[in-house]
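Worksheet for the structure shown next.
The values are calculated or read from the model by the stated rules, or taken from the named source; none is laboratory data. All figures in this text were calculated on a predicted structure; none of them were measured in a lab. Here the Cβ is made from the backbone with ideal geometry for all residues, glycine too, and neighbour counts use every protein chain on show.
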There are 2 protein chains.
Amino acid sequence: MAQKTDIEIARAADKLPIREIGARLGIGEADLLPYGHDKAKISQPFIDGLKGRPDGKLILVTAINPTPAGEGKTTTTVGLGDAINRIGRRAAVCIREASLGPNFGMKGGAAGGGYAQIVPMEEMNLHFTGDFHAITSAHNLLAAMIDNHVYWGNDLEIDTRRIVWRRVMDMNDRALRQITASLGGVMNGFPREAGFDITVASEVMAILCLATDLNDLQKRLGDMIVAYRRDKTPVFARDLGADGAMTVLLRDAMQPNLVQTLENNPAFVHGGPFANIAHGCNSVIATTTALKLADFVVTEAGFGADLGAEKFFDIKCRKAGLHPDAVVLVATIRALKMNGGTAKDALGTPDPEAVARGCANLGRHLSNLKGFGVPVVVAINHFAGDSEAEIAAVTDYVHEHGAEAVLCRHWAEGGKGAEALAEKVVALAESGASAFAPLYEDEMGLFDKIDTIARRIYHADQAIADAKIRDQLHAWEAQGYGHLPVCMAKTQYSFTTDPTLRGAPTGHDVPVREVRLSAGAGFVVAICGEIMTMPGLPSRPAAEKIRLSEAGHVEGLF
Amino acid sequence: MAQKTDIEIARAADKLPIREIGARLGIGEADLLPYGHDKAKISQPFIDGLKGRPDGKLILVTAINPTPAGEGKTTTTVGLGDAINRIGRRAAVCIREASLGPNFGMKGGAAGGGYAQIVPMEEMNLHFTGDFHAITSAHNLLAAMIDNHVYWGNDLEIDTRRIVWRRVMDMNDRALRQITASLGGVMNGFPREAGFDITVASEVMAILCLATDLNDLQKRLGDMIVAYRRDKTPVFARDLGADGAMTVLLRDAMQPNLVQTLENNPAFVHGGPFANIAHGCNSVIATTTALKLADFVVTEAGFGADLGAEKFFDIKCRKAGLHPDAVVLVATIRALKMNGGTAKDALGTPDPEAVARGCANLGRHLSNLKGFGVPVVVAINHFAGDSEAEIAAVTDYVHEHGAEAVLCRHWAEGGKGAEALAEKVVALAESGASAFAPLYEDEMGLFDKIDTIARRIYHADQAIADAKIRDQLHAWEAQGYGHLPVCMAKTQYSFTTDPTLRGAPTGHDVPVREVRLSAGAGFVVAICGEIMTMPGLPSRPAAEKIRLSEAGHVEGLF
């Protein structure tokens, strides 16, 4: 019998009505706002009523540096959540939402894979509950209000050359990266250079994911810097009176979305900040809500542990007061082989030595994670072609480095395939061994924070930056932004800023090309390398193959 | 006691769960896809299962030419629907959705007013069920695919100066009306002039409102002309392979939305094509579905009867095979006074003679409507300051012109205030008196169709157009588009193309400035005067006052 595809498995899912998933969490019908019969949002009054309840244990799933071979971080997150439920403990999964635009370029990213998926898959890769559309609207309302303010007399004295608030669209549209706007004469305003980013890159997205409630959301939206005057003083979204209307547009989007795994366990899918120029993990409100409703919350962070876990700890956990209890570091034999120098087309051949070489990447992540004070277990996400010798190479390596590696088969077997991992994770999380502390103190200088991440996490010799960049960081410190954490933007494929350097390179510097202040989200972005904030479509976009089947199913999206 | 505001009345509504509204229509829970507890979409399988059922009676609510005094067309549509239910007949209301963007400019348009409203009002003026966001996404996917096609080699030989497919955003953003796109070098494409319209002006919106099902939707999307080659041959959306993916994005948006009136009667709120450059009435699928589920369906068309009713008859009814059974022509004493020459600040003073003069506008609409073969009743939408003598002036005038005028107090009293109108409308609709026929035959030449509307509906001497425009119309006839109806785009404030000429002017010509082919929607747009397809925000946009109250209510939107 042929192996079923992800979408075939997802369509055959025996979904429960979302009402029942909610009821199991104690969410009454009035507090569960349905979107169809398999998606829902959780009402704010219900969330408010959870205050005072104890929190469950928080488990982060992260990974080695990604390669084209695939690691299966989301798959492991889902499989582990199901497995914890299978061993009799109540677990919920928290992941980020998918961006619509990129699905029409390359084949869409599903929510997990094999028998470890979240459903409904089609809707989650399309409009879902409309959160990203709300963010697009709120973001672009502010943009329209800026140009409108200038049009009607510019009382705020905005320097139109220094408007830093771009527009957004949830679409891969390179033609909008750089435009000249307000052409066509007096009625259309003052021509100026402008451009669009993809919606997930919006600071509004980052704010929605970090805000604790609607009041906090509105305050942060007001704090956003949208432009500068000739004298370089900032103009805030609040100065334009946009924060209230933006909050109204985001009211529903702020509520966490509830869906389910293939094994009918609760999954919170909410928010999706760009892992490149933002912190890249699901919303604080979803995570904190899930922690009140489950004994174990399994969540993930974007990219490899150098980027994703570091930001999860230093931005999300720091700001939201979260205390992770255990970390799962996901690796695959195939990805370790690529980190060990194997080419993609040679991955089918067993090569325990390449695996052993690639373990250097795993080992460095392992020691980095331990540096945050959180106990770590390695999950080997099993692929059909993995050899015993290759698996042994990893388990031996991990054991030698003071941790344990567990082989998982959740992709093929669902939660059952990750029960051993679940037992280990539950024990670690309940051991009280976690002594989580972020990497640096709030009080450290901004450049020192960047340098600390470069040295301690990327194992670089140093971070380097022009005087202009250092001056900018000092200026922000003088303006009261020095306490903010930094949000690193660099390639996810390497510890260095060179995406081709796999494994565990040393002897490199981390050059900071540009810094940006996200004053509403509450971090300083340090851009190290080329960061694209508006993707393009490939020569044969997936959209050309996407259509509805006779049965009304979506074809070509997955 | 102070009169309550619309929003206060709407918030105090004793809403039924939408499930119950659906159940009364025979829609089972599986076929009613909820969005929260007070909004839902109706599943396609349920709609498919209605085939073969008899249709209810179709009632169109239209109005005299709009003035700043207000006419209350939607209010009358809702009040009449409730009143028909009150007199023991099953009625449903069908109206168009609200556009989000303009609500942040001027105060938002609610769905009706006073005690004749559709709820939930806040959601209906914000994201509602996401239909407009889906249209924005589908429209902009096609735009991205056009520029992407050119970027990767332009196999279709698109002349980039002749790309007619603009982008859309549901926002009043004048800065985007005219832009130069694809700036910034090789990676961003070939610079060209481009621009944005507001989402409701998208041909995709018109198509969604005219398509009978998803197959028809996809065919029409494929038929859209997006660009021309150097040799002037058209490039279709189908040529880019965009029609399938656009259909996928619109799958849920195609399903009609069900909400309720303040009196808990079913209301279908679906689609919202720009009444200026499209046909301006709610979706065919909502209307035809409602006709299977109710004995009487009360619907409305945009602007005054010269634009709205004409397009309803000649485009929507013609294309969907609908046979309206009665028309309600709404007028207010205040609006008739303005049509009779009274200035807005003098509307408070009774002036039966001004009312009598303004009746010329009413009379012309009355005779126009009779020309379509559908029986008409006039509804006088009562305002507090109306005098007996003024009301008598209207009823006498209407009686002399062979129809009946009914005074309605649904704004103050809900359905109860429109029972007399309901009795009259039900009797007319059931009389079998309707012998509906559109104004012109499909076979008539395109310019003759425009000229016919100008003479017969606008009472102009003629339509006039340059040779260039006539040549374009002939060219489309030669390409097989001659059978299409025409969609007039002109000011809604006058029978002429001069918005200041109220009443019933004569001796004017109708100059056609431009013609556009909407090959997917299936009409030729004749633009007579300035038509703005992307509005701007005012100097003090409503957005500055919009915010969430402590109680979580939206303030400042209404």
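Annotations
- So B:His508, is it more than 23 Å from B:Ser202 (Cα to Cα) and either out of contact with any helix residue (DSSP H, G or I) (no Cβ under 9 Å at 6 or more places or on another chain) or outside the structural domain of B:Ala278 (by the TED database) (or both): yes
- Residue ranges of helices (runs of 4 or more DSSP H) in segment B:1-88 with at least 1 members not assigned by the TED database to the domain that holds B:Phe312: B:6-11, B:18-24, B:44-48
- Out of A:Asp231, A:Asp159, A:Asp239, sole residue that is part of a helix (DSSP H, G or I), among the acidic types (Asp, Glu) and either more than 24 Å from A:Ile47 (Cβ to Cβ) or within 10 Å of chain B (Cβ to nearest Cβ) (or both): A:Asp239
- Reported count of residues in segment B:202-226, each being under 14 Å from B:Arg166 (Cα atoms) and buried (at least 24 other Cβ atoms within 10 Å of the Cβ), is 6.
- Screening segment A:229-278 for residues that are at pLDDT below 95 and closer than 16 Å to A:Asp131 by Cβ and picking the one that is farthest from the chain's Cα centre (by Cα) gives A:Ala278.
- Selection status of B:His401, surrounded by fewer than 19 Cβ atoms within 10 Å (Cβ to Cβ) and either under 21 Å from the mean Cα position of the chain (by Cα) or not small (Gly, Ala, Ser) (or both): yes
- Test: residue in segment B:138-150 that is more than 8 Å from chain A (Cβ to nearest Cβ) and within 20 Å of the chain's Cα centre (by Cα): yes
- Residue within segment A:176-191 that is out of contact with any Lys or Arg (no Cβ under 7 Å at 6 or more places or on another chain), under 24 Å from A:Ala286 (Cβ atoms) and either surrounded by fewer than 23 Cβ atoms within 10 Å (Cβ to Cβ) or more than 9 Å from every other protein chain (Cβ to nearest Cβ) (or both) present: no
- Checking B:Asn65 against (1) over 19 Å from B:Ala267 (Cβ atoms); (2) without any contact (Cβ under 8 Å) to a residue 24 or more places away in the chain, the condition it does not meet: (2)
- Residues (of a type in the set (Phe, Trp, Tyr) and buried (at least 24 other Cβ atoms within 10 Å of the Cβ)) located in segment B:109-146: B:Tyr115, B:Phe132
- Candidates are the residues of segment A:526-550 that are among the aliphatic types (A, V, I, L, M) and not in a loop (DSSP other than H, G, I, E, B); the one that is farthest from the other protein chains (Cβ to nearest Cβ) is A:Ala526.
- Looking at A:Glu419, A:Glu388, just one residue is surrounded by fewer than 19 Cβ atoms within 10 Å (Cβ to Cβ) and assigned by the TED database to the domain that holds A:Lys316, and that residue is A:Glu388.
- Condition check for A:Ala354 on (1) farther than 22 Å from A:Pro68 by Cα; (2) in contact with a Gly (Cβ under 6 Å, 6 or more places away or on another chain); (3) hydrophobic (A, V, I, L, M, F, W, C): one failure, at (1).
- So A:Ile464, is it in a strand (DSSP E or B) and farther than 25 Å from A:Ile225 by Cβ: yes
- Qualifying residue in segment A:193-205 (condition: over 19 Å from A:Ile527 (Cβ atoms) and of a type in the set (Asp, Glu)): yes
- One residue stands out in segment B:404-454 among those that are over 23 Å from the mean Cα position of the chain (by Cα) and β-branched (Val, Ile, Thr): the one that is farthest from B:Thr299 (Cα to Cα), namely B:Val406.
- In segment B:31-55, the residues that are within 20 Å of B:Leu214 (Cα to Cα) reach residues that are of a type in the set (Asp, Glu) with C-beta atoms within less than 6 angstrom, at least six apart or across chains, in these pairs: B:Ser43/B:Asp31; B:Phe46/B:Asp31.
- Residue within segment B:34-53 that is more than 14 Å from chain A (Cβ to nearest Cβ) and touching a Lys or Arg at 6+ places or on another chain (Cβ under 6 Å) present: yes
- Selected residue (only one of B:Gly222, B:Gly130 is more than 9 Å from every other protein chain (Cβ to nearest Cβ) and of a type in the set (Gly, Ala, Ser)): B:Gly222
- Residues located in segment A:192-201, provided they are more than 20 Å from the chain's Cα centre (by Cα) and surrounded by fewer than 24 Cβ atoms within 10 Å (Cβ to Cβ): A:Arg192, A:Glu193, A:Ala194, A:Gly195
Rundown of residues vs (1) part of a loop (DSSP other than H, G, I, E, B); (2) out of contact with any His (no Cβ under 9 Å at 6 or more places or on another chain); (3) surrounded by fewer than 17 Cβ atoms within 10 Å (Cβ to Cβ), yes/no style:
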| position | (1), (2), (3) |
| --- | --- |
| B:Ile450 | no, yes, no |
| B:Ile453 | no, yes, no |
| B:Tyr458 | yes, no, no |
| B:Ile469 | no, yes, no |
| B:Ala475 | no, yes, yes |
| B:Gly480 | no, yes, yes |
| B:His483 | yes, yes, yes |
| B:Met488 | no, yes, no |
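- Residue selected from segment B:279-322 under the condition part of a loop (DSSP other than H, G, I, E, B) and at pLDDT 95 or above, by the criterion surrounded by the most Cβ atoms within 10 Å (Cβ to Cβ): B:Ser283
- Number of the condition not met by A:His365 [criteria: (1) surrounded by fewer than 24 Cβ atoms within 10 Å (Cβ to Cβ); (2) part of a helix (DSSP H, G or I)]: (1)
- Hey, A:Ser202 modelled with pLDDT of 95 or more, of a type in the set (Gly, Ala, Ser), within 17 Å of B:Asp197 (Cβ to Cβ) and assigned by the TED database to the domain that holds A:Thr136 or not: no
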